[in-house]
Amino acid sequence: MLLIGPPGSGKSHRILEAVRDRLRKRNAAFRLLVPTSTMAEHVRHSLAREGFVFRPDLISTLTGFLNSLEPGVEPLSPVRLRFLVRQSLARLCPKVFEALREAPGFVTALASTMEEAASAGVDPGRLQAALDPALGRIPQAFAALYADVAAQAEAAGYGFRNRLLAGAAARLRTRGVTGIEEVFADGFFSFTDPELDFLEALAGKCKLTVSLPDWPGAKSAWLRLALAGLKEERLEGCRRQPEVELVEAETQEREAEEIALRILEHAARGVRFREIGILVRQHDPYVPLLSSTLGRFGIPVRAYFSERLSDHAVVRYCRALIQAALSGWDHEKTLAALAMNPSGLPGRAEFERFARAVRERLPGSGLAGLRELAGQGAARKKLDGLAALEGWAASPATPEEWSKRLAQLAGLVDFKALAHGAELSDALAFRQAAAATEAFERCVEEAASVLPETPVDLNAFWEEAEAALRITPLAPLDRRRNVVHLLEVHEARQWELPVVFVCGLLERQFPLHHAQNPFLDDEARRELQRAGFRLATAAEKDAEEEFLFQFSLTRATRSLVLSYPRFNAEGNETLRSFLLDRFLEEHPGIPAARARPARPAPNGSKPPERLPRIVSEDLAELLAKERQPEAPTAIEDFLQCPFLFFARRTLALEEAPARPEQRLDALFEGQVVHKVLEQCLHRPGELGRIFEEVFRRYCSGSGVPPGYRTEAVRLALFRDLRRFVKKLRLEGAEPGLAERPYTLELDGGLTLRCKLDRIDTVPGVGKLIIDYKYRTLNGVKELTKERDPVVQIQAGIYMAALEQAGETCAGFLFAALRGEQGWAGWQITKKPVKGAAESKPEDLRAIMQRAAEAAVEAVERIRQGVIAPKPADPERCETCAYCDICRVESAVQVAVAGGETSE
Ligand code: SF4
């Protein structure tokens, strides 16, 4: 029997009724065939929940059924196919593919075109015969590769899907099928010619019922099945008439939140989560977005999508370990690998200390050096566990041996034991990790099986294994029942739900737009069609999108919500799906709504309000004693931002050590400049020697590797210093002391310590302080502006310290050394250096006074426990090391909303 009708006309219902009837009569002489394993599982579960008990193989995929018929040929797996494609590419070397051979995705594109051709029944011989040479070199080169791959596969006893179908059909015709009287095929949109050959063979041996939707893409299939003798029955009309609503959202995020809001509203009206489905056309971007959004709203969701095995945390960990081994245990790579442990880091604090010690000594390689730094704790245990891998990179082994060795890697994963009463999400993650471990082992085994048995090195074996991991799917193990179903449109063929959302209705999202195949373009496909092969052109694939859209509208029985975002992530206006436009034109009066702003309710009780200050008196007293600011730079930190002071000075949080190539930073440059100028002050003629010696010493002390950037920094520093040294002496002043320490006692028992870069003597006036800055002149001028207390603290404190030591201050000058050089500051003289302000003693005293008052006030607020993130110069937040922990963004948002960010 052939059931034909539009989507939603009851074809699946009729077939499932027939299946129920057989099950009620305990008749197991039937099979129900569906297109995907997820669908088979869905039907099995639905029937099981109705109380039917049956063997799982009664409901299976067409592929599973074929394999059970022993077609006499092994299926050509994707891993083996890609291996054969690479072999053929290397052997035949078609000139036209020469430049693309190593391009990412090239082998996969070739392999999937071969699979498509084979599935349509276009075997290599027929392809070569049907292709006109005038079509160009690419189809010809593809046909030659395809023939070579098929020949290699056949010689090894493997075949494409068409050979499996032909083998199974031949077997059916000669031997029949035992124990099966009736077969149902449901959920297929159409059939390829080899599948139709097989169904014809099946119809000759048992009763066959096939359902097909009424759309142009299925026409040739149902005509052929009708000619094969299947009695046609038409089912008319769509029996579902759900309420349809259109939702326009500003962004995808808002669209997802509106869906979550509506699901909660349905749930409040008594709709169970499992009665709700969301249909998307492809995985990205909606599956991750909806999964996380619904999760935030506390809505259980199950996504019926496989992930790539190579993306699972267990596999990424194993891959990182192998890459570390291949690099000779490069310390940075090994550290990164250890930190990827899927169950988190054992002994986290200890590991962080170990990681810090390793980073400080980068670059480095070899496990021995890491063991030395690891001490005796968890990190050492982990490194000892890697000892077995130590010799791997050096010695070749057979692929089989490699697969056994790599399988041991999973043993290095620390699976966190599940506590009694663990969260369901933890249990699911645990099961998925176990499945990924098994799949990893199977995958490396398969990679070994496709390679010749001769020894290869780890690199060569891993290349094959990694390619296999990338193309192997990892099916989700989520079996929860009362969840919202997140489905790809094809997967929804046997789903019928009261509430359905179809989202992302944008051009190129739904519908997708199909490009021409690069190996068999539309011209070649039309030629093949003329020769009797059904290989779809891009236009025909685009037409299928329209069918998928119409089909998605038939999945809801009560409520259907169609939605799209108006703007993309870049803020540009999107293009609404033309299919949706046409649907709205044909169905005027569909209510439209805008997505509402939504925010999930907190999971638990409201957290206590954060007080951005230390309130404990004991703690404040302790901090007053032990974390007093001692340097003007500490006061500057507090004045820039109390949280910056708290993190850097009170908690003494250190920034992560810079990578070797990033160590030539402003701090490094400043240290070199100060040291060189200190030594050159009285020996400017020796600049070259002093600079080389200081630069080399600092590079080796900081672990800066030689290289282009190091040389560029060296040349730039030397160029700037050489120019500056020429104007080292100031007119009317004698260079005196360098790097001289002073202290300043202030009210409230506060003592500040400072080190003055240089103190010149101005005869008859006093001492002139000079502070070197490896900055541009404009940057240095900023330091003398009065608008901000932060910028004048240093000058005021230094001058006050000098005077407190019994000297008379003649001024304070900043020297700008980078690029355009110059001076800025205050000088008591009638003829100040260009850039400095002519000042009187009272001007200097005013600066000292302001700085001292600001320092005393800052210390008072520090003692009061003020730690709020409140930057005086928000632009400096961009380079602040604590920006990830201070939550300055939320503080700013509160301020924008008119709230308080009080201390
Ligand atoms: S990022 Fe800004 S607000 Fe945050 S600690 Fe640094 S300076 Fe303060």
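The values are calculated or read from the model by the stated rules, or taken from the named source; none is laboratory data. Note that the structure is a prediction, hence the values are computed from the model and not measured. As a convention, Cβ positions derive from the backbone with ideal geometry for all residues, glycine included, and neighbour counts pool all protein chains shown. Remember, those area values only see protein heavy atoms, side chains included, never the ligands or the DNA or RNA. Shrake-Rupley method; radii C 1.70, N 1.55, O 1.52, S 1.80 Å.
Quick look at the numbers
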read-out	value
Residue check for A465: among the small types (G, A, S) and open to solvent by 20 Å² or more (accessible area, probe 1.4 Å)	no
Residue in the stretch 280-289 that is open to solvent by 60 Å² or more (accessible area, probe 1.4 Å), in the same structural domain as L412 (by TED's automatic domain parsing) and within 20 Å of Q432 (Cα to Cα) present	no
Condition met for R576 (open to solvent by less than 20 Å² (accessible area, probe 1.4 Å), assigned by TED's automatic domain parsing to the domain that holds F510 and basic (K, R))	no
Criterion: part of a helix (DSSP H, G or I), touching a residue at least 24 places away in the same chain (Cβ under 8 Å), open to solvent by 20 Å² or more (accessible area, probe 1.4 Å) and over 26 Å from A166 (Cβ atoms) - qualifying residue of R80, R91, R86	R91
Residues within the stretch 724-759 that are open to solvent by less than 90 Å² (accessible area, probe 1.4 Å) and touching a residue at least 24 places away in the same chain (Cβ under 8 Å), tallied	24
Residues of the stretch 52-77 classified as open to solvent by less than 60 Å² (accessible area, probe 1.4 Å) and part of a loop (DSSP other than H, G, I, E, B), total	7
Every residue from the stretch 189-230 that is buried (at least 23 other Cβ atoms within 10 Å of the Cβ) and touching a Pro at 6+ places or on another chain (Cβ under 9 Å)	P213
Odd one out for A147 among (1) buried (at least 19 other Cβ atoms within 10 Å of the Cβ); (2) at pLDDT 95 or above; (3) part of a helix (DSSP H, G or I)	(1)
In the stretch 631-661, the residues that are closer than 30 Å to Y708 by Cβ and open to solvent by less than 60 Å² (accessible area, probe 1.4 Å)	P657, A658, P660
Only one of R887, R818, R845 that is at pLDDT below 90 and either within 16 Å of the ligand (Cβ to nearest atom) or open to solvent by 50 Å² or more (accessible area, probe 1.4 Å) (or both)	R887
Which listed residue, of D186, D132, is charged (D, E, K, R) and crowded, with 21+ Cβ neighbours inside 10 Å	D186
Check on K767, under 50 Å from the mean Cα position of the chain (by Cα) and either within 20 Å of Q821 (Cβ to Cβ) or assigned to a strand (DSSP E or B) (or both)	no
Set Q671, Q628: member being surrounded by fewer than 20 Cβ atoms within 10 Å (Cβ to Cβ) and at pLDDT 80 or above	Q671
The one condition in (1) touching a helix residue (DSSP H, G or I) at 6+ places or on another chain (Cβ under 7 Å); (2) in a loop (DSSP other than H, G, I, E, B); (3) open to solvent by less than 60 Å² (accessible area, probe 1.4 Å) that L370 fails to fulfil	(2)
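Quick grid of which residues meet (1) among the hydrophobic types (A, V, I, L, M, F, W, C); (2) at pLDDT 95 or above:
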site	(1), (2)
E390	no, no
K404	no, no
L412	yes, no
H420	no, no
L428	yes, no
R431	no, no
A436	yes, no
N459	no, no
V489	yes, yes
